[in-house]
1. Exposure proxy check: K562, K243 ranked by fewest other beta carbons within 10 Å?
2. Once a ≥ b ≥ c are taken as the square roots of the eigenvalues of the Cα gyration tensor of segment 209-400, is the result rounded (a/c under 1.5), prolate (a/b larger than b/c) or oblate (a/b not larger than b/c)?
3. Can you compute the modelled spin-label distance between Q549 and K442, with each label point 7 Å from Cα toward Cβ, in nm?
4. Note down the magnitude of the dipole of the chain about its Cα centre, charges +1 on Lys and Arg C-beta and -1 on Asp and Glu C-beta and zero elsewhere, to the nearest 20 debye.
5. Given the rule -39500 (n - 2.57) for each run of at least 4 DSSP H residues, summed and divided by the residues of the chain, what is its mean residue ellipticity at 222 nm, to the nearest 500 deg cm²/dmol?
6. For segment 55-112 and segment 372-445, write down the distance between their C-alpha centroids in whole Å.
7. Can you run phi through the Karplus equation (6.51, -1.76, 1.60; θ = phi - 60°) for segment 21-35 and list ³J(HN,Hα) in whole Hz, with x for Gly and Pro?
8. Within the set of other residues whose C-beta is less than 15 Å from the C-beta of V131, count the net charge using Lys and Arg as +1 and Asp and Glu as -1.
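Bear in mind these aren't lab numbers, they're just calculated from the coordinates by the rules spelled out. Since this is a predicted model, take the numbers as computed values, not measurements. With ideal geometry, Cβ positions are generated from the backbone for all residues, glycine too; neighbour counts draw on all protein chains shown.
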Amino acid sequence: MSGEPDQETILILRDRFGFDGFRPGQGEAIDALLAGRNMLAVMPTGSGKSLIYQVPALLTGGLSIVVSPLVALMQDQVAALSLNGIAAATINSSIPREANVDTWRRVQAGKVTLLYMSPERLMTGQMLTAVGKLAPKLFAIDEAHCISQWGPAFRPEYAELAKLRDIFPGVPIAALTATADQITRDDIAARLFDGDAEIIVTGFDRPNLTLAVEMKKSWKKQMVDFVAAHRDEAGIVYCLSRKKTEEAAGLLRDEGHKALAYHAGMEAGTRNSVQDRFMTEPGTVITATIAFGMGIDKPDIRYVFHTDLPGSPEAYYQEIGRAGRDGLPAETMMLYGLDDIRMRRTFIEQEDSPDDRKRREHKRLDALLAYCEAPECRRRMLLHYFGEAAEACGRCDLCLNPVETVDATEDGQKALSAVYRTGQRWGAAHIANVLMGKNTDKTASSGHDRLPTFGVGADRTLQEWNAMIRQLVASGFLRIDIQGYGGLGLAEKGMALLKGEGEFRFRPDTVQKAGRQPRGKNRAQAEALDPQAQELLLELKKLRLHLAQEREVPAYVIFSDKTLIDMAARRPANREAFAEVFGVGQAKLEQFADIFLEAIAGYEGG
């Protein structure tokens, strides 16, 4: 199947599922399972992971068992398969005992192809013995990141599943997830397969999602304004607390939206009712804690809004992944502030877990903050975290509306030099202390107070250096050793910058205090334009994006927002006037004056 699928597989794809062929990675994964090999598949939400075990189950016959974390998810899968004429069933705690007994009799009689169970139900001695008598053909473990102690949703019950390979030798096991960085993937493979498995990663990009982040100013107004642009569309608003979900739902109802709160403090019947309404009633908004979402397969969710900072890039990726599963455009927006950061740090410290896990979670949070403060293209930054290279997307907030950045190549080289000279094993706090020339126990005991880089950055504040280091990570100059002790190391791009190749641009607005919204000055200036100039500004932004995409560079490289605002206000009619626009130097005058002057003249004439 690594080549073309055989005739029997094509018939199953067409007759049972209505597909003409495989998506990337599906054929390879199915091939591995049919050959009796264990397999871990990491694929984006909506990429068809379920098909990977459903097709082999139908091809091999007999019984295949699917382990799933949520009752609602199991029931939805069974209902969908039944509609396709596939014999599927679930045994779970929400079903009356008599019904579960009747289902088991059907399983014993060979009338069930796919049986869905929770790990707690499967891994009892009685159930394992009973399953053993039926000679299962395949085990599939959905949401497999729950196995990993390093993942964002570690669930201890999943750890028991590691026993399956010993209890059922020779029976292939499929593990599937949309959310696993390299460390988590390795951890799953080690725990579940003892390292003996094929790992298939098809990529993490969800190109139909627009990514955006804002500094938290007034979360209520920011949420209301965002949702207003999506009236009568289905969406999810994630909140950190149960109380906040209720408050958010009330605010949105006051604005005329069909908004429902969902959190773990509700009775099960109420939660199920809310979920059913969201799944069936068009244009419903759910305001929820992270208790809502895993396994939600509603294709037309048009937006996900975070009122608070998620816990890690993995958690964030998983939560935004619930939008746009139909492949159509969807928007995401995340708010973050200093209070969020403090709260997340506190959550990690209060967690009942070993110190090494806490250390890794802090470093994951550092990576998410780097994403929030990225100076350019968020999608590239997010994919870089998951080990995937990408060009500027042209669709995230930073590509569409670039922030002001300054050339900070020299300061970037200072930071990279400090990382290099200290041995590429120290964290950001220590590097910042070295740069500022702070005499601490660590700088003294390590001898780093005698390095040439000690104190070379005394002209900047600690807050500035911390932001700069995060942005060096975000831009791919530095890497964080999350698996180790969180030490910083130079990436290939960082080594090149240290040698004088390339440049580093710093985004200073992230150093503002919480409550101040980045780009506020630009936004205020844009809003001060007369209506005609505002329309012209939109046209100039479209032109800038077109030129940036042609040249395969971020939009800010062409002109900053501040330049375009000044251009729209002045409406220059010739090269001399164009040269007076803010941010237009000689080189850009030669490259872009005629293009933008033609656009302005055409707009004036229209």
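1. Result, fewest neighbours first: K243, K562.
2. Oblate is the answer for segment 209-400, as a/c is 1.5 or above yet b/c matches or exceeds a/b.
3. Here the answer is 4.5 nm between the modelled labels.
4. The dipole of the chain has a size of about 1140 debye.
5. -13500 deg cm²/dmol
6. 49
7. Using θ = phi - 60°, the values come out as x, 8, 7, x, x, 5, x, 4, 5, 5, 3, 4, 5, 5, 8 Hz.
8. Net charge in that neighbourhood comes out at +4.
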